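Step one of this worksheet: look at the structure below.
The values are calculated or read from the model by the stated rules, or taken from the named source; none is laboratory data. Predicted model, so just to flag it, every value in this text is computed and none were measured. Methodologically, a virtual Cβ is constructed for each residue, glycine included, from the backbone with ideal geometry; neighbour enumeration extends over all protein chains shown. Just so you know, the surface numbers come from the protein's heavy atoms only, side chains and all, with ligands and any DNA or RNA stripped out. Shrake-Rupley method; radii C 1.70, N 1.55, O 1.52, S 1.80 Å.
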Amino acid sequence: MPPRPRPLDPDDGPLQAFAYELRCLRQAAGNPTYRALAGTAGFSATTLSDAAGGVRRPTLDVTLAYVGACGGDVKLWEKRWYALDRRLAGSAGADVRARESSVQAALTVSEVIEPTEADAENRVPVVDTFRKPGFEPEPVDGEEPGARHRRLWRSRAWLPAMAVALVLVLTGLLVGLKRGSGDTHTVSGAGCPAAPAGGTTFQGLTYSGSTRVRSSASRSAPVIDQIPPGCTVQFVGFCIGDAELDVTGGTPDVRWFKLGSGGLVSSAVVHGNPPWELRPDRCPGEFPAPSSISLAVVPRPSDPEAVELRASGSYLGIVGFAGYFSDSGQAVPVPRWHQLGLIGVGVDGFVLPWRIAKPTADQSPIQLVAVACLGGDGPTDVLDALTLPPATPTQAQPLSLGDGDRSTAERTACRYPA
């Protein structure tokens, strides 16, 4: 008989209440064992047990996998997770999360404003993946309390994978691999999937302890296979699905790469991108492609010298902002496109605080664009443009860009931040 889980009082705090509700969800699903849930969720029984332990906050991925395996409302629990994160973080933690996921453009004539604590709600929280010393998780089904917890093979394989990743970081290759699909030269090792006979359109390199292959383009979809690190995987296309945080680029990504076998892998956990001109394909669990976008420049109530760049539209997942102006201090003003931000949707939509720090060198009007992106180096042709005078930035007017400027603006707005 498996040991009884540690008692939880939901009145002890938000973390305990969250874990208590997870236990209730599992109970409502018929109280399956954690090992049974692990087969669907793609995480070990110990990890799922930890999520409902009430000692530390589970990551978002673990929470959604737990909920999905129990047949719960994933969207509702995603909102609950973010609410828990805000309650636990405090003001110092909120500032860290805001800096982690906001894009700080290194410009001399403009700046992205440091988010306030309230603005942090629009940002992606940092995922705490480290266990606190002395933490004893809730016993897994069939294990004695205090017993050494068994880990899946993918946990043991994580150590050499991390060593490889550290070498890549130190040599400056880690992000470079992600930025170019043609840069993956690692030889596929044992256990890597074979290339499909019908041909492929691009490739990517796996680098995490275990890259999960899911049945649809959703973080809560069942895991149907796992790919070890160091595999050069061939893909036959991509589609649009749930947003994931690309940990190497620090940017959101909604692309899911299609295997010849029919499974899907999130772009955020693979180094390599499809060619920027390749269009999304169909897949299970897909989201519609962005179809429209509108850019507005409005005053920022908390800062009279600043404005907010606001984007809205249909089926937007990620928005990139860019501006065309000359850097100040130039003897001969030469305007160029500058990336201002690459953000995912927040509580208030797609909002980027922005301030013109000083007039442009030639006092020319500034051109601004908002572009629907699919991820880093993943532009679309869904764009809206405005022109505005530096002295009165809220007096923006519609702008029509030529094909050359439009293509450059799209790729600048959606590139990986420098």
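Looking across region 227-251, the residues that are under 25 Å from Lys75 (Cα atoms), open to solvent by 20 Å² or more (accessible area, probe 1.4 Å) and of a type outside the set (Gly, Ala, Ser) come down to Glu244, Leu245, Val247.
Table: residues versus (1) open to solvent by 30 Å² or more (accessible area, probe 1.4 Å); (2) at pLDDT below 85.
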site	(1), (2)
Gly13	no, yes
Arg26	no, no
Thr33	yes, no
Leu48	no, no
Pro58	no, no
Asp61	yes, no
Tyr66	no, no
Leu76	yes, no
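Here region 258-300 is the region considered, the condition is being of a type in the set (A, V, I, L, M, F, W, C), part of a strand (DSSP E or B) and out of contact with any Pro (no Cβ under 8 Å at 6 or more places or on another chain), and the residue that is nearest to Pro379 (Cα to Cα) is Ile293. When Gly320, Gly349 are screened for being touching a helix residue (DSSP H, G or I) at 6+ places or on another chain (Cβ under 6 Å) and over 19 Å from Ser364 (Cβ atoms), only Gly320 passes. Listed conditions (1) part of a loop (DSSP other than H, G, I, E, B); (2) more than 19 Å from Gly320 (Cβ to Cβ); (3) touching a Lys or Arg at 6+ places or on another chain (Cβ under 9 Å) are all met by Thr248, apart from (2). Considering every residue within region 283-303, establish whether at least one is of a type in the set (Asp, Glu), crowded, with 20+ Cβ neighbours inside 10 Å and within 22 Å of Gly349 (Cβ to Cβ). No.
Does any residue of region 225-237 turn out to be in contact with a Leu (Cβ under 9 Å, 6 or more places away or on another chain), closer than 18 Å to Gly317 by Cβ and among the aromatic types (Phe, Trp, Tyr)? No, because not a single residue in region 225-237 is in contact with a Leu (Cβ under 9 Å, 6 or more places away or on another chain), closer than 18 Å to Gly317 by Cβ and among the aromatic types (Phe, Trp, Tyr).
Report whether or not Gln203 is outside any loop (DSSP other than H, G, I, E, B), open to solvent by 40 Å² or more (accessible area, probe 1.4 Å) and farther than 21 Å from Cys414 by Cα.
no
What about Asp384, is it at pLDDT 95 or above, among the charged types (D, E, K, R) and either out of contact with any Lys or Arg (no Cβ under 9 Å at 6 or more places or on another chain) or assigned to a loop (DSSP other than H, G, I, E, B) (or both)? The answer is yes for Asp384.
Scanning region 258-268 for residues that are hydrophobic (A, V, I, L, M, F, W, C) and closer than 22 Å to Val319 by Cβ returns a single hit, Ala268. Residue check: Ile224 meets all listed conditions (1) surrounded by 22 or more Cβ atoms within 10 Å (Cβ to Cβ); (2) part of a strand (DSSP E or B) but one, namely (1). Screening Gly320 with (1) among the small types (Gly, Ala, Ser); (2) within 30 Å of Ser218 (Cβ to Cβ); (3) surrounded by fewer than 23 Cβ atoms within 10 Å (Cβ to Cβ) gives one miss only, at (3). Within region 222-233, residues that are within 17 Å of Ala69 (Cβ to Cβ) have Cβ atoms under 6 Å from residues that are open to solvent by less than 30 Å² (accessible area, probe 1.4 Å) in these pairs: Val223/Gly42; Val223/Arg214; Ile224/Val213; Ile224/Gly263; Asp225/Val213; Asp225/Gly263; Gln226/Ser210, counting only partners at least 6 apart in sequence or on another chain.
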